[in-house]
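The values are calculated or read from the model by the stated rules, or taken from the named source; none is laboratory data. Keep in mind it's a predicted model, so treat the numbers as computed, not measured. Glycine gets a Cβ as well: all are built from the backbone with ideal geometry, and neighbour counts include every protein chain shown.
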Amino acid sequence: AQSVTQLDSHVSVSEGTPVLLRCNYSSSYSPSLFWYVQHPNKGLQLLLKYTSAATLVKGINGFEAEFKKSETSFHLTKPSAHMSDAAEYFCVVSPSFGSARQLTFGSGTQLTVLP
Amino acid sequence: NAGVTQTPKFQVLKTGQSMTLQCAQDMNHNSMYWYRQDPGMGLRLIYYSASEGTTDKGEVPNGYNVSRLNKREFSLRLESAAPSQTSVYFCASSEILRGHFNYGYTFGSGTRLTVV
């Protein structure tokens, strides 16, 4: 079994300040973890993925996430927010092996960037 | 551009009407999926097709049927629409090699369906 908890449904930051979006997961096997971003009225775009290689994963647009097995966390960070980062972000967990129907999405975090 | 194409983008149905949502991908992916997105609930899997010729139920299949027409196309049908099916529907595709699901999904831009 697996689950994902995104700890904040809304996060608001000022432009130029750091972004932290928190994600905890539960999995009974070695997981793959993903972050997706969804801009208004758009589909979901893959930001980054962890697949049992380096625990610090770098993605597009300056985002990165660190896999911490001991804390079962996969928080998404960015050093300096940009207005274009305003969107909804989804943390996703799946087993590294097996059926793709086991992909589980978090409920999403809405990021607002203030000028 | 390569990707996943969904049609239509918007649709309004009356309760009891039927319709088919179309999805096509041009990345030669084996696996295709239909999700629905509702506020505060993330994405939930309706049906998926691991490969051409196979389909399986996901988390919320009731009220839907699917057809994997060929490797490129995967359609979702609502036989008798209900207000509870008002949602945003996303089609996605992925490649799973030798059991490794390491490559993520490519999503379409969605179909916004309202059932009145």
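Total residues in the stretch A:57-84 satisfying the condition of being outside any loop (DSSP other than H, G, I, E, B), surrounded by 12 or more Cβ atoms within 10 Å (Cβ to Cβ) and in contact (Cβ under 8 Å) with a residue 24 or more places away in the chain: the figure is 9. Yes or no: the stretch B:54-75 includes at least one residue that is free of Cβ contacts under 8 Å to residues at least 60 places away in the same chain, within 9 Å of chain A (Cβ to nearest Cβ) and under 28 Å from A:GLY59 (Cβ atoms). Taking every residue of the stretch B:54-75 in turn, at least one turns out to be free of Cβ contacts under 8 Å to residues at least 60 places away in the same chain, within 9 Å of chain A (Cβ to nearest Cβ) and under 28 Å from A:GLY59 (Cβ atoms). Just one of the numbered conditions (1) out of contact with any helix residue (DSSP H, G or I) (no Cβ under 8 Å at 6 or more places or on another chain); (2) away from chain B (no Cβ under 14 Å) is not true of A:LYS78: (1).
For the subset of the stretch B:6-38 comprising residues that are outside any strand (DSSP E or B) and within 11 Å of chain A (Cβ to nearest Cβ), which member is surrounded by the most Cβ atoms within 10 Å (Cβ to Cβ)? Only one residue tops the list, namely B:HIS29. Annotation note: Cβ proximity below 7 Å between a residue of the stretch B:39-50 that is free of Cβ contacts under 8 Å to residues at least 60 places away in the same chain and more than 8 Å from chain A (Cβ to nearest Cβ) and a residue that is surrounded by fewer than 21 Cβ atoms within 10 Å (Cβ to Cβ) and outside any strand (DSSP E or B) (sequence gap 6+ or interchain) occurs for B:ILE46/B:GLY58; B:ILE46/B:VAL60; B:ILE46/B:PRO61; B:TYR47/B:THR55; B:TYR47/B:GLY58; B:TYR47/B:PRO61; B:SER49/B:THR55. Between B:LEU21, B:LEU45, B:LEU69, the distinction of being of a type in the set (A, V, I, L, M, F, W, C) and within 17 Å of A:LEU103 (Cβ to Cβ) belongs to B:LEU45 only. Out of all the residues in the stretch B:2-17, is one or more within 30 Å of A:TYR29 (Cβ to Cβ) and out of contact with any helix residue (DSSP H, G or I) (no Cβ under 8 Å at 6 or more places or on another chain)? The answer is yes, given that some residue of the stretch B:2-17 is within 30 Å of A:TYR29 (Cβ to Cβ) and out of contact with any helix residue (DSSP H, G or I) (no Cβ under 8 Å at 6 or more places or on another chain). The set of residues from the stretch A:3-36 being surrounded by fewer than 18 Cβ atoms within 10 Å (Cβ to Cβ) and in contact with a helix residue (DSSP H, G or I) (Cβ under 9 Å, 6 or more places away or on another chain) comprises just one member, A:GLU15.
Within the stretch A:4-47, the set of residues being within 14 Å of another protein chain (Cβ to nearest Cβ) and of a type in the set (Val, Ile, Thr) comprises A:VAL4, A:THR5, A:VAL37. For the stretch A:27-49, a residue qualifies if it is within 19 Å of B:VAL4 (Cβ to Cβ) and outside any strand (DSSP E or B), and the qualifying residues are A:HIS39, A:PRO40, A:ASN41, A:LYS42, A:GLY43.
Could you say which residue among A:SER52, A:SER3 is modelled with pLDDT under 90, out of contact with any Lys or Arg (no Cβ under 7 Å at 6 or more places or on another chain) and within 22 Å of B:ARG36 (Cβ to Cβ)? Step by step, each of A:SER52, A:SER3 is checked, and only A:SER3 is modelled with pLDDT under 90, out of contact with any Lys or Arg (no Cβ under 7 Å at 6 or more places or on another chain) and within 22 Å of B:ARG36 (Cβ to Cβ). For the stretch B:1-26, what are the residues that are modelled with pLDDT of 90 or more and of a type in the set (A, V, I, L, M)? Result: B:VAL4, B:VAL12, B:LEU13, B:MET19, B:LEU21, B:ALA24.
Scanning the stretch A:87-107 for any residue that is outside any strand (DSSP E or B), under 17 Å from the mean Cα position of the chain (by Cα), surrounded by 18 or more Cβ atoms within 10 Å (Cβ to Cβ) and modelled with pLDDT under 90 turns up at least one such residue. Filtering the stretch B:72-102 to residues that are under 22 Å from B:THR5 (Cα atoms), at pLDDT 95 or above and not in a strand (DSSP E or B) leaves B:ARG72, B:GLN85, B:THR86.
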